[in-house]
1. What does the charge count around Lys158 come to, taking other residues whose C-beta lies under 14 Å from its C-beta (Lys +1, Arg +1, Asp -1, Glu -1)?
2. Lys and Arg at +1, Asp and Glu at -1: add these up for the other residues within a Cβ distance under 12 Å of Leu113 and post the number.
3. Regarding region 316-378, what's the average projected area of the Cα-atom convex hull, expressed in nm²?
4. Placing unit charges on C-beta atoms (Lys and Arg positive, Asp and Glu negative, everything else neutral), compute the dipole magnitude of region 8-60 about its Cα centre in debye, rounded to 20.
5. Can you tally the net charge around His333? Count Lys and Arg as +1, Asp and Glu as -1, for every other residue whose Cβ sits under 14 Å from the Cβ of His333.
6. When the chain is modelled as a GNM with alpha-carbon springs shorter than 10 Å, which of Glu21, Glu120, Glu288 fluctuates the most?
7. If you restrict to DSSP beta bridges whose two residues both lie in region 76-314, what percentage is antiparallel, to the nearest 5?
8. Mind ranking 304-312, 131-139 by how tightly packed they are, going by the mean number of other C-beta atoms within 10 angstrom, highest first?
Amino acid sequence: MNGNIPRYITKIDQIAGLNLEQKRELDPVIEKFTFRTNEYYQSLIDWSDPSDPIRRIVIPEVAELDEFGTWDASGEADYTVVKGLEHKYGDTALLLVNNVCGAYCRFCFRKRLFTDGNDETVNDIGAALQYIRRHPEINNVLLTGGDPLIMSTGKLEKIIQQVRDIDHIRIIRIGSKMLAFNPYRILNDPALPEMLSKYSRPQRKIYVMAHFNHPRELTDLALEGINLLQRAGATVVNQTPIIKGVNNNPAVLAELFNRLSFSGVPPYYLFICRPTAGNRDFIVPIEESLEIFDAARQNLSGLAKHARMCMSHHTGKIEVLGKVESWIVMRYHRAANRADHGRILVFPSNPDACWLDDYTEHMAPAEAWQQFAKRAAS
């Protein structure tokens with residue numbers, strides 16, 4: 001590293017922990033899926049452990065070439081109302097402000113943004129702002145991409161200032177993994193907390209949606225970055241997918257959630273990994289994920305138990321509630337169709353199911369509910 005500025009790494013040849021044969025094997029992987037990391041994050045990897053979870057987050061694997069999934073597993077294109085702006089849930093708009101991250105998670109659900117020719121992100125947010133102004137039901141805007149915090153603070157402030165000037169926007173969220181990937185971005189820029197203090201107000205808060213996937217990412221530097229954002233008036237929460245080989249272990253998940261809560265960061269969502277292209281080897285089946293989550297929660301205080309386990313399905317955020325005998329029970333936590341909001345879904349247990357569609361392809365929700373109700377009444 002050059003002082004406290006970690007150098008970005010975009011070529012697999014620059015990874016000293018891989019031998020020449022491993023690098024050659026990965027050439028076709030990085031031709032299909034973009035690779036990027038940095039010296040700080042690489043320093044967290046234990047290269048003596050081939051199953052190291054931090055390595056698994058950021059270093060490509062040949063298994064990513066398995067035929068699987070789609071580029072847009074949640075159908076985000078169907079909710080894009082103007083370029084760069086998604087409006088799936090009535091009160092929330094999602095603004096894709098860039099197509100670069102501090103590093104690229106190998107299980108990213110939006111990896112299509114980092115491919116040649118993709119133009120879903122937007123530099124000129126004028127049309128998006130006009131749409132938001134015309135829709136007073138929108139009270140919060142999520143800035144994402146890509147990672148907004150990889151932008152300069154000046155450029156980010158121009159976006160935040162324009163969104164904050166819309167009277168009915170009460171919350172601005174910044175989706176970012178920079179606290180984990182490169183906390184120096186926060187620690188080395190005094191203009192960032194100053195800007196957050198300016199726009200995060202008592203009844204118009206700025207939330208930073210952090211993405212810590214494993215407790216080893218919670219370094220002293222990362223914790224210092226969290227504290228700095230909190231002192232600036234931002235509310236920091238965390239969301240993570242459950243990822244095979246990273247955090248699909250009750251002890252690891254409990255440690256992550258506990259340590260986050262100790263730092264005043266509520267665990268927000270535990271997501272089912274989306275069936276995106278390249279993600280087969282990262283996915284944990286839904287019912288196995290539920291068992292891991294339930295086991296982890298036995299070792300959490302109430303403050304660390306805030307997370308909901310959900311999948312971001314095309315039709316909405318579906319919370320996995322539990323199992324009743326041989327039935328899996330879910331609920332629409334958020335629904336694209338308002339009529340589905342709060343709707344309970346029950347299906348016969350399917351230990352191999354990794355997505356809602358794996359249940360519905362065998363039985364329609366209405367039929368499953370009828371069978372469940374009949375069974376319960378008998």
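Derivation of every value follows stated rules applied to the coordinates shown; laboratory data play no part. Model, not experiment: these values are computed from the prediction. Note that we place each Cβ from the backbone using ideal geometry, even for glycine, and neighbour counts take in every protein chain shown.
1. 0
2. Result for the local shell: -3.
3. 4.3
4. 180
5. Computed value for this residue: +4.
6. In this elastic network of the chain, the residue with the biggest mean-square fluctuation among Glu21, Glu120, Glu288 is Glu21.
7. Roughly 20 percent of the beta bridges in region 76-314 run antiparallel, per DSSP.
8. 304-312, 131-139
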